[in-house]
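**Q** Let me give you the structure first, and then I'll get to my questions.
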Amino acid sequence: MARSNIIVVGGGIAGVMTALELQRGGEQVTLIDRWEPGHSRAASTDYNRMIRAISGRDEFYTKWARESRSRWLELQAESGQRLMYECGALILATEDHCDWEDATAGTFDRVGVPYYKFSQAEISARFPQFSVPDISYALYEPEAGMLMAHRCVLTGIDLFKKFGGIVKRGHVVTDRSERLMLDGKPLQADVIIVATGAWMSDMFPHTIKPMTTVIGVNVIYTSTPDGSEQFDLTNMPCWIDHGQGSFGLPSSEGSGVKAAVVIPDRIDLDNDERLIRKECLSRTRSYIRRRFPELVGEKVVDSKFNQIILTPDTHFILDWHPEHKTVLLAGGCSGHLFKHAPVYGEFAAGVATRKFGTADRFKIAGRKKLSPKESPSGR
């Protein structure tokens, strides 16, 4: 069987894992990005990302996360690069604000995900870093943890090239009909997969922009206390704190403690500098004082400003363009795609080669907003 000529536009984690899966499968793939792989504008940048199975009542993503965990560990063994740390994840359930966590416990029981349910007293005894007077209980997923995001992207690129994939630099745009263009000429291939993250919204103003929202997320890294290992990944888990609209990761490889209070922020993807806002810095510091008293007075040592493209139901996008039949749109991260990337890439490769159709939840049409109780991301 003749190999297909496939182009993947976008070298973030979704594009890289899709390109790698296709190249492994015998296709000839060219990956095109505007900047160097792993560049700081990408949503896939930053040091680390959380990997956890918690998805409320949604068994689909719960199973995908578990399968992806195995795939990341396989990629780690294959590449010889440290891609994942299994430090666990603590999901804090605020009093009278526990719908997502309650639903997750039931899903874990049905799917068979290992977890513990800790009372407020047990949280304090097991993880004294956390101050939890407002917490009803917590779910602890011991096989969750963190992915070293930047390293994951670069490792995927290296493996892709090892299997014969081609990486090129170029700025792909669209014309008024949303036809893909490169250097003033139509981009042509048997299949073109567009995985440009938040840029997909402006590239497809008729198809994608009306159903998505692009927001910025401010993240800060706080130094750990002098002489203390308490906030290192060997002693502290990742966490999600829905009641405070926050999440974070322990210090890894000297990064400091990562924390974000999710305040949706506007961003001009091409013109805004990637600097966090002062008001967000103040809000996040206030959260840290409340949740981690022993970090009071510690200095901010780094910061990141990332972007997320949200769909109404926080399901991903993986569907053919309604007018350009060889163009497959892949993305809609909604803040929870990175951990799923190996399985998402395999699925996208199967759709791209017409081995099967896409899932209904990934189709462009028919999207509607879900309540936090129904949403797999809890948003």
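**Q** Test of understanding: express the Cα radius of gyration of region 52-196 as a ratio to 2.2 N^0.38 Å, with N the residue count.
**A** 1.46
**Q** Based on DSSP, what percent of beta bridges with both residues in the chain are antiparallel, to the nearest 5?
**A** 70 percent
**Q** Same structure again: Between Glu59 and Asp158, with labels modelled 7 Å along Cα→Cβ, what's the label distance in nm to one decimal, could you check?
**A** Here the modelled spin labels are 3.9 nm apart.
**Q** Longer than 22 Å from Cα to Cα, which of Lys258/Lys339; Lys161/Lys355; Lys168/Lys304; Lys209/Lys363; Lys325/Lys363; Lys258/Lys299 are they? Say none if no pair is.
**A** Lys161/Lys355; Lys168/Lys304, as the Cα separations exceed 22 Å there.
**Q** A further question on this structure: So what is the 222 nm mean residue ellipticity for the chain from helices alone, if each DSSP H run of at least 4 adds -39500 (n - 2.57) and you divide by all residues, rounding to the nearest 500 deg cm²/dmol?
**A** -8000 deg cm²/dmol
**Q** How large is the charge dipole for region 240-379, taken about the Cα centre, if only the Cβ atoms of Lys, Arg (+1) and Asp, Glu (-1) carry charge, to the nearest 20 debye?
**A** Its charge dipole is roughly 380 debye.
**Q** OK, next. Taking the Cβ of Ala330 as the centre, find all other residues whose Cβ is under 13 Å away and add up their charges (Lys, Arg: +1; Asp, Glu: -1).
**A** -2
All of the numbers you see were taken from the coordinates with simple rules; none came from a lab. Note that this is a predicted model, so its numbers are computed, not measured. Cβ sites come from the backbone with ideal geometry, for glycine too, and all protein chains shown count toward neighbours.
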